[in-house]
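Structure first, commentary second.
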């Protein structure tokens, strides 16, 4: 089916470009609801905002009312952290900021520092409360965008007939029909290394090429050391929901990723920095050879 | 997969530019025993490359000088000291080819990983996005706002 006539709505949120594609244009009321949703999410979780919940909580520690996504995201983080032997850690924000990825976009490297290994004892949560027992910087980048894609799709879906694509630039979810997605070559955005058809599922990609700055620094750090990952250049994961796909795409930068993907039933492709491709059992992606 | 934190000696011209474009991400990684070409093996890579670091053909609006940039590095494994060489080709501020050569030792966790991996292809092949009939592309996140402005500032310093 040709979807070139579909309506597209572009906007910018949480520091990246979004596009929502629907058969008919989205009514203004739904757009407003989506913008409110992403703004609320940003105000809860952005470590780049001085007025966000995580910034205020992180300054001195303390307890706050749990935002709607706290339990589902942090519970997934617990599994991610376990599967990657601590390489993924939601308190990696300070380690990222010290390497230069800070709220002022200073990009001045102050060296490698590990995230607190005992994050499970510092950061606690339940359905009502989110608490930090010491100052620390929460960073949900490992899966937060995927979660927001799911939230946006859920916001739209009840009001829209036909196919929907929510594309947050790297993380996308498709409902109601197929979408052929090119897998961008991490070293050459004019090329793709394969094609993956996505139907009623989410495809999330992560690569180290764009959010990168001085001397080999980029946004995927090993939380145990504070050093950027160097063996994997890009990952892609296909799952029923975008948060699971996003989390898996992050885990695939580390040794425990394939095992976690297996446990979650997620299929994936990844490319090493020396130009090799690996993929999961039962992977349906078409990879060029 | 060989883990290392050693980074090849940064290039004078290439250092900041390389980092911004993600080249230096390659640096610590050892290649397979053979030369690996990725983007260059596709359909339309006709970009001219030169062998020197500081010289090259400068094209119009490009921020960086076209050409090939090579860095060598070494790192220690439990068994030995390995050396690798990374060559990156730039054309119009886009990386068109990456070569990693070296003599790496065996992968760290081969045994552990194999049961969860369905297949491996030794060299990635890139095809022109305009020729593969896709409606969208999934890669790293596009960046916006402050990030881009800050990166532009770094690029300006690199080009100065």
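Tabulated data
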{"read-out": "Residue-averaged beta-carbon neighbours from other chains (10 angstrom radius) around A:225-233", "value": "5"}
{"read-out": "Relative contact order computed over chain A (Cα-Cα under 8 Å; 6+ residues apart), in percent", "value": "17 percent"}
{"read-out": "Highest-fluctuation residue, A:103, A:158, A:116 considered, GNM on chain A with Cα pairs under 10 Å", "value": "A:158"}
{"read-out": "Ranked list, fewest to most other Cβ atoms within 10 Å of each Cβ, for A:73, A:271", "value": "A:73, A:271"}
{"read-out": "Rounded D (µm²/s) - chain A, Kirkwood Rh over Cα pairs, Stokes-Einstein at 10 °C, 1.306 mPa s", "value": "82 µm²/s"}
{"read-out": "Per-pair calculated FRET efficiency, R0 = 41 Å: residue A:259 and residue A:51 via Cβ, rounded to 0.05", "value": "0.55"}
{"read-out": "Burial order of peptide ranges A:281-288, A:12-19, A:239-246 (average beta-carbon count within 10 Å, highest first)", "value": "A:239-246, A:12-19, A:281-288"}
{"read-out": "Residue exposure sequence - B:65, B:70 - by fewest surrounding Cβ within 10 Å", "value": "B:70, B:65"}
{"read-out": "Relative contact order of segment A:143-212, defined on C-alpha pairs under 8 angstrom at six or more residues apart (%)", "value": "27 percent"}
{"read-out": "Paramagnetic label zone (point 7 Å from Cα along Cα-to-C-beta, residue A:126; backbone N under 16 Å) in segment A:51-90", "value": "A:63-67, A:70-72, A:75"}
{"read-out": "Residue mean of other protein chain beta carbons inside 10 Å, A:176-186", "value": "6"}
{"read-out": "Cα-based shape type of segment A:73-221, given that a ≥ b ≥ c are square roots of the gyration tensor eigenvalues and the cut on a/c is 1.5", "value": "oblate"}
{"read-out": "For chain A, calculated [θ]222 nm from helices alone, where every DSSP H run of n ≥ 4 adds -39500 (n - 2.57)", "value": "-8500 deg cm²/dmol"}
{"read-out": "Centre separation in Å (Cα based) which lies between segment A:1-67 and segment A:142-160", "value": "9 Å"}
{"read-out": "Extended-chain gain in nm, criterion 0.36 nm per residue less alpha-carbon gap, residue A:17 and residue A:161", "value": "49.4 nm"}
{"read-out": "Where the Cα pairs of segment A:44-144 fall when distances are cut into 5 Å bins, in %", "value": "3, 14, 24, 27, 19, 10, 3, 0"}
{"read-out": "Inter-chain shielding of A:44-51 (mean C-beta neighbours from other protein chains, 10 Å cut-off)", "value": "0"}
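Read-outs: derived from the displayed coordinates by stated rules, not from any lab. Because the structure is predicted, anything quoted here is derived from the model rather than measured. Because the Cβ atoms are built from the backbone with ideal geometry, glycine has one as well, and the counts that use them run over all protein chains shown.
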